[in-house]
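The values are calculated or read from the model by the stated rules, or taken from the named source; none is laboratory data. Here the structure is a predicted model, which is why all the values come from computation and not from measurement. Cβ placement follows ideal geometry from the backbone for every residue including glycine, while neighbour counts extend to all protein chains displayed. These area figures cover heavy atoms from the full protein model, side chains too; ligands, DNA and RNA do not enter into them. Shrake-Rupley method; radii C 1.70, N 1.55, O 1.52, S 1.80 Å.
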Amino acid sequence: LAEQIRQAEQQREDRLRKKSLNDQKTALRDEIKALNDQKNEQRKDAEDKKKALEDTYKSRTEQVSLEAEARRMLMQKSQKDIVALIGKFAPEYDALGRSLGEKWLSGFEQSVGGVFAYFEGFTRQLQSVQSGLAQSALQAIDKYWAGRQSAVTNNTVNQTVQFNQPIETPGQAARRLKDVAEGLIYG
């Protein structure tokens, strides 16, 4: 009888545990469903906002495009009108331009002298400055290389190479060694 009571209690505990597990499963399923519904609602809201932004961007782009086209049309019309106006008064503009150019030339000649003489003097000055700069650059280069050659002849460089990783080809290793050696020499 005690054994039957223990088995009955064991069966009751098993049933209660199974019922508890089923209740937990149901609660988790309900929670998952609620989360999925919430996620779908958020996705729908995000898509609605995206569509609204795209519509706003499209309307603004169309508006800016229309304004740019209107400006372009106004500019073309204005340019055509200006060209037509200049065509009507071309002889007067030609005479005005000629007289302004003559006044400018006479003013230049009075203050500087002849145009050709001015540019010849300017060219001579420019050539003297350039030759001076070239001489100073050559002197600096000679001084630099004289210092480099004495540094190279007075120093000995020992180089140890360790290959800690695989290299692809012997040619690549030779190029790397050459680059390092040149870096040591010129660096």
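Key figures for this structure:
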item: Furthest towards positive pole of dipole, Leu53, Leu35, Ser65, structure part region 34-75, Cβ charges; result: Ser65
item: Sulfur and carbon atoms: percent of accessible area, region 1-76 [1.4 Å]; result: 54 percent
item: Cut-off 20 Å (backbone N to label point 7 Å along Cα→Cβ of Arg60), residues of region 25-53; result: 46-53
item: Extension gain from Arg12 to Gln79, taking 0.36 nm per residue of separation minus the Cα-Cα distance; result: 14.2 nm
item: Residue-by-residue Karplus 3J(HN,Hα) for region 171-186, coefficients 6.51, -1.76, 1.60, Hz, glycine and proline x; result: x, 5, 5, 5, 5, 5, 4, 5, 4, 5, 5, 5, x, 5, 5, 8
item: Accessible solvent surface per residue of region 29-81, calculated while the other protein chains remain in place, 1.4 angstrom probe, Å²; result: 99 Å²
item: Neighbourhood charge, 14 Å Cβ-Cβ cut-off, centred on Arg12 and excluding it, Lys, Arg +1 and Asp, Glu -1; result: +2
